[in-house]
Amino acid sequence: MEYCFGCLKDDVEGFCSSCEKRLFDRSKINPQFKFNWEDISKVIDGYPAGFSISGVQTKGFIGKITGTELSSNLNHDENSIYIIKPLLSRFDLPSDSPANEHVTMQMAKQLYGIRIAECCFMRFANGTPAYVTRRFDYNKDEEKLSQEDFASILQAKKDDNGGYKYFAKTYEDFGDILSPLNKIEFIRILIFNFLVGNGDAHLKNFSLLETSDGDMQLSPSYDLMNTKIHVNDSPIALNLFRELERTSLPRGKTYTYTINDFIELGKRFGIRSRLLENIVVEFEGTKDEMTGMINKSFLSAKAKKKYTEIVDKNFDQLFSN
Ligand SMILES: Nc1ncnc2c1ncn2[C@@H]1O[C@H](COP(=O)(O)OP(=O)(O)OP(=O)(O)O)[C@@H](O)[C@H]1O
Ligand SMILES: [Mg+2]
Ligand SMILES: [Zn+2]
């Protein structure tokens, strides 16, 4: 069985028509590039500073669609509309990283209605997998929308290790900034991240984005993946609470999260108990739906098995008391 490279719908070769429309504003797009990662990574370094986007890993930018192809030869004065992320350059099962991010993003959207950066799985000319996302920081008229990540919004100071991504702030700190609706969304995203094994939801992986009214709201989610397929990291990237529940423990002791921790954070945000109870009910019975999507994904058999085991364990831990 073949599945849509965008939404994983059954029995589709390449992209289904609604994914073509949503992702590319047209029909008939070839899910395989005519170029390889090496061809574009050489060009990226030559672009002016304003063109690049922050993030540890080098990313590729493509803007133009020529006929049925997404093309990589972007002029300096053109906006990039898509970002291509290549394979992880280190860690376990690196060639599964695009499929991992793709299925994780699709689960967030399709199973839980979390707003995401639109994305798909693709292949380079030589068959290597790629993750492609459509930029949300441009509007329909291709005007740049302002975007600011939480490292900057919360004015996080670098910690002793020279990084500010993980320990400088806690998820509780986000509550000072987020609107009431965004707070509910944020709690749901945190629960999702825990269940899928995303230990990398750090300060730069959340942003506020300018809306059409000109105010700043939580942007669509991006960079969602099961990091535990690739690396043995912590259950969640930041501490939930200002009292640093996890990192204040004596060495060798671990903190075991349950759903009550996420409810407690919701309460601290001022979310009504009734709404929080609804969120729990909504997530609790969804393990099989996740497993179903993981099995349809572009992951290797080994990665599917690992993903499923991690999800199994996380559901058990979160909901078993
Ligand atoms: N669809 C998108 N639209 C607009 N901006 C995006 C989109 N996807 C990612 N970005 C921006 O690009 C940055 C890097 O992307 P992303 O986090 O996916 O890459 P990464 O290499 O995995 O980063 P890191 O490993 O540092 O977390 C993000 O912090 C975000 O600001
Ligand atoms: Mg990131
Ligand atoms: Zn589709």
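Points to keep in mind about this one:
- Output for segment 115-144, where each listed residue is part of a loop (DSSP other than H, G, I, E, B), of a type in the set (A, V, I, L, M, F, W, C) and within 14 Å of ligand 1 (Cβ to nearest atom): ALA117, PHE136
Residue-by-condition table, conditions (1) modelled with pLDDT of 95 or more; (2) surrounded by 13 or more Cβ atoms within 10 Å (Cβ to Cβ); (3) hydrophobic (A, V, I, L, M, F, W, C):
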{"residue": "GLY50", "(1), (2), (3)": "no, no, no"}
{"residue": "SER80", "(1), (2), (3)": "no, yes, no"}
{"residue": "ARG123", "(1), (2), (3)": "yes, yes, no"}
{"residue": "ASN139", "(1), (2), (3)": "no, no, no"}
{"residue": "GLU148", "(1), (2), (3)": "yes, yes, no"}
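- Of everything listed in (1) modelled with pLDDT under 75; (2) surrounded by 12 or more Cβ atoms within 10 Å (Cβ to Cβ); (3) in a loop (DSSP other than H, G, I, E, B), the single unmet condition for GLN57 is (2).
- Residue check for THR291: among the β-branched types (Val, Ile, Thr) and modelled with pLDDT under 95: no
- Among the residues making up segment 187-220, those that are away from ligand 2 (no atom under 16 Å from the Cβ) and either among the polar types (S, T, N, Q) or not assigned by TED's automatic domain parsing to the domain that holds ARG268 (or both) are THR211, SER212, GLN217.
- Enumeration of residues in segment 29-48 that are surrounded by fewer than 12 Cβ atoms within 10 Å (Cβ to Cβ) and at pLDDT 60 or above: GLU38, LYS42
- Pair list, Cβ < 7 Å and 6+ apart or interchain, from segment 203-220 residues that are of a type in the set (Asp, Glu) to residues that are more than 12 Å from ligand 2 (Cβ to nearest atom) and in a strand (DSSP E or B): GLU210/MET216
- Being buried (at least 20 other Cβ atoms within 10 Å of the Cβ), part of a loop (DSSP other than H, G, I, E, B) and modelled with pLDDT of 75 or more holds for only one residue in LEU88, LEU23, LEU74, and it is LEU88.
- For segment 93-111, the candidate set comprises residues that are within 17 Å of VAL311 (Cα to Cα) and among the hydrophobic types (A, V, I, L, M, F, W, C); within that set, the residue that is surrounded by the fewest Cβ atoms within 10 Å (Cβ to Cβ) is LEU111.
- Filter result (in a helix (DSSP H, G or I) and over 19 Å from ILE279 (Cα atoms)) within segment 177-206: LEU203, LYS204, ASN205
- Of all residues in segment 252-280, those satisfying the criterion of being of a type in the set (Val, Ile, Thr) and over 22 Å from the mean Cα position of the chain (by Cα) are THR254, THR256, THR258, ILE263, ILE271.
- The residues of segment 278-321 that are among the polar types (S, T, N, Q) and farther than 21 Å from THR258 by Cα, listed by number, are ASN295, SER297, SER300.
- Any chance ASP223 is of a type in the set (D, E, K, R), touching a helix residue (DSSP H, G or I) at 6+ places or on another chain (Cβ under 9 Å) and at pLDDT below 95: no
- Test: residue in segment 10-20 that is farther than 30 Å from VAL311 by Cα, exposed (fewer than 14 other Cβ atoms within 10 Å of the Cβ) and either within 16 Å of ligand 3 (Cβ to nearest atom) or at pLDDT 85 or above (or both): yes
- Scanning segment 125-136 for residues that are out of contact with any Cys (no Cβ under 8 Å at 6 or more places or on another chain) and crowded, with 17+ Cβ neighbours inside 10 Å yields a total of 4.
The values are calculated or read from the model by the stated rules, or taken from the named source; none is laboratory data. Treat the numbers as computed from the prediction; the structure is a model and nothing was measured. Neighbour counts run over all protein chains shown; Cβ positions are idealised from the backbone, glycine included.
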